[in-house]
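The values are calculated or read from the model by the stated rules, or taken from the named source; none is laboratory data. Here the structure is a predicted model, which means the values were calculated and not measured. Glycine gets a Cβ as well: all are built from the backbone with ideal geometry, and neighbour counts include every protein chain shown.
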Amino acid sequence: MAEIQSSAPAARGHKPRIKKKAFRLDMTPMVDLAFLLLTFFMLTTTFSKPTTMDLTMPTKGPVSDVPDKNALTLILGKDSKVHYFFGLNRADVEQPELRTTTFSAEGLRQVLLRRQRQQPAPFVLIKAGPDAKYRDLVDVLDEMNITDQGKYALVDFTSADQELLDSNSL
């Protein structure tokens, strides 16, 4: 609490002076209140939970179980380009027609939505090429989530895929 202290009385024979009063404020209750408020707000606050996307990885096994008609293969290339073709790139069939698009809303998203309309349960195979960036992979996974793709898998980039890219880059 606050206290008021008075100074000693004036000596005799001198002119009377005004008594000076010293003021001292006790800050203990204010500090206690600050800690109580801090504790209250810390205990009643809900901390934000990080938002993550669930990614379920398949068990080890061949991807050849996917039918050709259901497959859409995406190959992530350099300069944030996405090369895609319908079906699988196998040696026993002729080379598929390779097309290229970007990550824009009119690019990859439209390709995925169009494929979903044509084939109700498409299986998207995602292959990261040697020049692909990590950001490209994250963008593709975001597009899978945005377009609500039911089945997709991250698969290894093969030498047959490299040959396909090389033959179409001419």
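Remarks
- Filter result for the condition that a residue is without any contact (Cβ under 8 Å) to a residue 40 or more places away in the chain and on the phi > 0 side of the Ramachandran plot, over ASP148, ASP156, ASP166: ASP148
- Each residue in segment 143-155 was checked for being exposed (fewer than 14 other Cβ atoms within 10 Å of the Cβ) and assigned to a helix (DSSP H, G or I), and 2 pass.
- In the set (1) more than 30 Å from THR51 (Cβ to Cβ); (2) of a type in the set (A, V, I, L, M); (3) touching a Leu at 6+ places or on another chain (Cβ under 7 Å), LEU88 fails one condition alone, (3).
- Qualifying residues in segment 72-106 (those that are under 15 Å from ALA153 (Cα atoms) and of a type in the set (A, V, I, L, M)) - the one nearest to the chain's Cα centre (by Cα): LEU76
- Within segment 103-123, being at pLDDT below 85 and either in contact with a Leu (Cβ under 6 Å, 6 or more places away or on another chain) or at positive phi (or both) holds for one residue alone: PRO122.
- Pair list, Cβ under 6 Å, 6 or more apart: segment 78-102 residue modelled with pLDDT of 80 or more, other residue of a type in the set (Lys, Arg): TYR84/ARG99; THR100/LYS81
- If you go through segment 60-77 and keep only what is modelled with pLDDT of 65 or more, within 19 Å of GLN149 (Cα to Cα) and surrounded by fewer than 19 Cβ atoms within 10 Å (Cβ to Cβ), you end up with ASP65, PRO67, ASP68, LYS69, ASN70.
- Every residue from segment 69-113 that is touching a strand residue (DSSP E or B) at 6+ places or on another chain (Cβ under 8 Å) and of a type in the set (A, V, I, L, M): ALA71, LEU72, LEU74, ILE75, LEU76, VAL82, LEU88, LEU98, LEU108, VAL111, LEU112
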